[in-house]
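Trainee: Sharing a structure below in structure tokens format, with a few things to ask.
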Amino acid sequence: MVAKLLLLTAIYHLIVIVGSIDHHLLVETTSTHLSINKTEMESVSRDFGNIKITQPGAILHPSSTQDIVNLLKLAYESPEGFVVSARGHGHSINGQAQVGENGVVVQMSGTSLGPAPIVLEKLMYVDVWGGELWIDVLKSTLKYGLAPKSWTDYLYLSVGGTISNAGISGQAFNHGPQISNIHELEVVIGKGEVVTCAEDKNSELFHAVLGGLGQFGIITRARIALEPSPQRVRWIRILYSNFSGFTHDQEYLISLHGQPRSKKFDYIEGFVIVDEGLINNWRSSFFSPSNPIKISSIAADHGNVLYCLEITKNYYHHSDPESINQEVEALLKKLNYIPESVFTTDLPYVDFLNRVHKAELKLRSKGLWDVPHPWLNLFVPKSRIDDFNKGVFKGILGNKTSGPILIYPMNKNKWDEETSVVTPNEDVFYLVALLRSALHSSDKAQTLERLSDENRQILSFCKDQNIGVKQYLPHYTTQQEWIDHHGEKWHKFSKRKMEFDPRHILATGQRIFVPDFNSKTRTS
């Protein structure tokens, strides 16, 4: 009886949202998976950014693709209309997966949601539910000695969420982003139709959804390319005091992407160090407390700002440790780092991939995880990275920060220009990620207001200096800003929107298109 009362309450609540609708379809749509539970509503009203709070009208917990089909079909065909947004692990920064009272959040990630991953060992791919977390994808594939090729630094993100943006990490120079390693997708478009798409099948939708910010459909299944999994990782960090030397070596290393594995590293990232604490930040646990080498002693000799190159070499069952040592030594000999700054550790492959989560648990225990995160992620063209360093790292930031600052280059030829992602128009471009946390402390430099203001200063500097940056995980408040962001891709992007989500009901938290609730009901 209680369950029925809850269901009737939820149905009534959705009726209020959409007005006059087909009640039989509504019952079929919601089943027992529609919720207006107060605790759940409060949970999905926030995201990792912890900056924007927006409570939805209801939450759908789908048990299958059909549940999502029914909901989107209802939203598309109802005269009044309502908006729908898919939510994975809720790791967006500016409310991109949120909706208001006139909307339903589809909670894609969670226990017992969707089918389990299916690994096709001989064909070297895995089929997964769109809400599956990457950590669970990894666990499934490792049973067969396989693993996806490209990652994000944090594995507790949903497959659909990262595919909707690009999915990048230190493997991107070699394998491209995660969206370059997808064979096929199943998508429920804004008309409430299920479409299977790939490079050679419904390719327009396939390319639209990859990096499409959730604008064209909800990803319910992804077919992900696999490769043999390493067993262990040689993890190396080396330091630079000269920015030009640092970027020169990074660019040299990513130029080796076409070489045999023995002649290149498997992972290349980097970050800026302005104090000793940032060498062991929340992104990783690298140095042990007993490590006798102090970063401060190196910084004293080479300046206050250092740049850290982070690289790895993978071990396999057949790998000879001595050969690994020789390969690493041969590569390091060609680099111009501070000689006494080589830090090395070996660890299992899974531990390396999951390094951020271990640090997350420590921060959660101290109450330092659920704080505002005014992150800013930028793609900076290679030709202007030195100007960016001078104007931002040594200018606006003033050698102060409250979180990691990543910086590493990628090869544009590893990205498919047909997808919806926007990158600088140069053969090599850098990710610069300011992953900062706003803390309640006496330090005014760490407040949300101060960090948000610095982000605005950085964007203004880049615009004034015509540096040509593109936001990764973009956030804009006007359509003109989105038009400027997409540039020559805007026409295709907006055309695809009209084809696959003509009433603009999907992912309105991105603030790209305004919902069209005045158009006539579509019953195609």
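The values are calculated or read from the model by the stated rules, or taken from the named source; none is laboratory data. Small disclaimer: the values here were computed from a predicted structure and weren't measured. Glycine also receives a Cβ, built like all others from the backbone with ideal geometry; neighbour counts cover every protein chain displayed. What goes into the accessible areas is simple: the full protein's heavy atoms, side chains included, and nothing from ligands, DNA or RNA. Shrake-Rupley method; radii C 1.70, N 1.55, O 1.52, S 1.80 Å.
Trainee: Relative to 2.2 N^0.38 Å, what does the C-alpha radius of gyration of the stretch 403-524 come to as a ratio? Two decimals please.
Mentor: Against the empirical 2.2 N^0.38 Å value, I get 1.32 for the stretch 403-524.
Trainee: For SER262, what is the net charge nearby, where nearby means another residue's Cβ is under 10 Å from its Cβ and Lys, Arg count +1, Asp, Glu -1?
Mentor: Neighbour charge sum, excluding SER262 itself: +3.
Trainee: How many nm separate the modelled label positions at VAL342 and SER452, each set 7 Å beyond the Cα in the direction of the Cβ?
Mentor: So the label points at VAL342 and SER452 sit 4.7 nm apart.
Trainee: When the convex hull of the C-alpha atoms of the stretch 101-217 is computed, what volume per residue in Å³ does it have?
Mentor: 124
Trainee: For the full complex of protein chains and a 1.4 angstrom probe, list ASP427, ASP127 by accessible area with the highest value first.
Mentor: The residues order as ASP427, ASP127, largest area first.
Trainee: Which net charge results when you count Lys and Arg as +1 and Asp and Glu as -1 among the other residues whose beta-carbon is under 12 Å from that of ILE385?
Mentor: Overall, the nearby charge balance is -1.
Trainee: Next question. Calculate one ³J(HN,Hα) per residue across the stretch 168-180 by plugging θ = phi - 60° into the Karplus curve 6.51 cos²θ - 1.76 cosθ + 1.60, and present them in order as whole Hz with x for glycine and proline.
Mentor: Along the stretch 168-180, the couplings run 10, 6, x, 8, 5, 4, 9, 9, x, x, 4, 5, 8 Hz.
Trainee: Let me ask you something else. Using only the alpha-carbon atoms, how far is helix 243-254 inclined from the longest principal axis of the chain? Give it as 0 to 90 degrees, nearest 10.
Mentor: On a 0 to 90 degree scale, this one is about 70.
Trainee: Over the heavy atoms of ASP386, what accessible area does a 1.4 Å probe trace out, to the nearest 10 Å²?
Mentor: Rounded to the nearest 10, the figure is 50 Å².
Trainee: What's the magnitude of the charge dipole for the stretch 365-524 around its Cα centre, counting Lys and Arg as +1 and Asp and Glu as -1 at the beta-carbon? Answer in Debye, nearest 20.
Mentor: 200
Trainee: Rounded to a whole number of µm²/s, how large is the Stokes-Einstein D of the chain at 10 °C and 1.306 mPa s, given Rh as the Kirkwood radius over C-alpha pairs?
Mentor: Diffusion coefficient, whole number: 66 µm²/s.
Trainee: Sort 406-412, 39-45, 214-220, 321-327 by the packing proxy (mean of other Cβ within 10 Å over each peptide's residues), most packed first.
Mentor: Ranking, from highest mean packing down: 214-220, 406-412, 39-45, 321-327.
Trainee: Roughly how many Å² of ASP387 are accessible to a 1.4 Å probe, to the nearest 10?
Mentor: ASP387 exposes around 60 Å² with every protein chain in place.
Trainee: Would you rank HIS440, HIS207 by solvent-accessible area, highest first, keeping every protein chain in place and using a 1.4 Å probe?
Mentor: HIS440, HIS207
Trainee: Checking the cross-link filter: which lysines have an alpha carbon closer than 17 Å to that of LYS313, excluding same-chain neighbours under 8 positions apart?
Mentor: LYS149, LYS263, LYS264, LYS333, LYS334
Trainee: For LEU256 and THR39, what is the calculated FRET efficiency with R₀ set at 41 Å and r taken between the beta-carbons, to the nearest 0.05?
Mentor: 0.20
Trainee: For the pair ALA198/HIS318, report the inter-label distance in nm, with labels modelled 7 Å from Cα in the Cβ direction.
Mentor: Taking the simple label geometry, ALA198 and HIS318 are separated by 2.8 nm.
Trainee: Related question: Considering only protein heavy atoms, what per residue accessible area in square angstrom results for the chain with a 1.4 angstrom probe?
Mentor: Value for the chain: 42 Å² per residue.
Trainee: Hey, if we sort ILE396, ILE236 by accessible area with the 1.4 Å probe, largest down, what's the order?
Mentor: ILE396, ILE236
Trainee: Let me ask something additional. So, with +1 on the Cβ of K and R and -1 on the Cβ of D and E, and no other charges, what is the size of the charge dipole of the chain about its Cα centre, to the nearest 20 debye?
Mentor: Once rounded to the nearest 20, the dipole reads 400 debye.
Trainee: Another question, if that's okay. Which residues does a label at LEU120 reach in the stretch 385-422, if reach means a backbone N under 11 Å from a point 7 Å past the Cα toward the Cβ?
Mentor: none
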